[in-house]
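The next block holds one structure in the form of structure tokens; read it before the comments.
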Amino acid sequence: KFHLRKLVKLGYVAKLESGEYQLTASGKEYANNLNEKIRAVEKQPKVSVLMVIADKNDAGEPVYLVQKRLRNPFYGYWSEIHGRAEWGESFEATAQRQLKRQTGLRATFTVQGFRRVRDYDKNDVSLLEDKLFVVLKASKVSGELTNTYEGGTNAWMSLEELRAQEKV
């Protein structure tokens, strides 16, 4: 009973009129993140969208919209346009919101696949960040490109131009 009272006080369990106990929404969320082997709440991968936005240059060659980060982590690196998904938001809506915020453009998106990226500390090899990217392809791109926003600089580049950058 001591432990039940403590769980009720923490808001993880509720006592029903019948006298039975039931997990609350907070209790279910806590249990969902609990690793039974180590008996601790564990971190979950961050879910983000990664947008593939393609066009053709004046010579008819494919170019891609990429962004140079102007903040840490990964300051100075070029990558696809990406951004974190918000709780309950569809991946397509996340991509539309992030694209508008970061570039001023609008587009229609379709999910193409998934990519998991894990970043490790170079010195002690500990896991720093675990990310799951939902890869979306853009179509019907419209609007005026904003080349710079507070987090980065945007540019259209061919794959050769992108590979020639120092930090990709």
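The values are calculated or read from the model by the stated rules, or taken from the named source; none is laboratory data. Everything numeric here is computed off the predicted structure, so don't read it as measured data. In this analysis, Cβ positions are derived from the backbone assuming ideal geometry, glycine residues included, and neighbour counts consider all displayed protein chains. When the accessible area is computed, the model is the full protein with side chains, heavy atoms only, and any ligands, DNA or RNA have been set aside. Shrake-Rupley method; radii C 1.70, N 1.55, O 1.52, S 1.80 Å.
Structure data summary
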item: For segment 36-101, Kirkwood radius (reciprocal of mean inverse C-alpha pair distance, Å); result: 14.5
item: Accessible area expressed per residue, segment 44-89, with surrounding protein chains retained (probe 1.4 Å, Å²); result: 61
item: Spacing of the two label points (7 Å from each Cα toward its C-beta) at residue 168 and residue 121, in nm; result: 3.0
item: Solvent-accessible surface (1.4 angstrom probe) belonging to residue 91, in square angstrom, nearest 10; result: 70
item: Largest to smallest accessible area among 127, 136, 34 [probe 1.4 Å]; result: 127, 34, 136
item: Contour minus Cα-Cα distance for residue 25 and residue 110 (0.36 nm per residue); result: 27.4 nm
item: Dipole moment magnitude, nearest 20 debye, segment 1-149 about Cα centre, only Lys, Arg, Asp, Glu C-beta charged; result: 500
item: Within the chain, helix-based [θ] at 222 nm, where runs of 4 or more DSSP H residues each add -39,500 (n - 2.57), nearest 500; result: -6000 deg cm²/dmol
item: GNM flexibility winner over the chain from 68, 37, 100 (Cα, springs under 10 Å); result: 37
item: Carbon + sulfur, % of accessible area of the chain - ligands and nucleic acids excluded, 1.4 Å; result: 51
item: For the chain, built as a Gaussian network whose Cα springs stay under 10 Å, the top-fluctuating residue of 86, 20, 42; result: 20
item: Accessible area of residue 148 in the full protein assembly, 1.4 Å probe (Å², nearest 10); result: 80
item: Farthest toward positive dipole pole in the chain [+1 Lys/Arg, -1 Asp/Glu at C-beta], among 19, 136, 44; result: 19
item: Nitroxide proxy distance, nm - points 7 Å out along Cα→Cβ at residue 32 and residue 61; result: 4.7
item: Gain on full stretching of the segment that runs from residue 141 to residue 129 - 0.36 nm per residue minus C-alpha separation; result: 1.2 nm
item: Cα-Cα P(r), segment 92-168, percent of pairs per 10 Å interval; result: 15, 32, 41, 11, 1
item: Of every Cα-Cα pair in segment 23-168, the percent that sits beyond 26 Å; result: 34
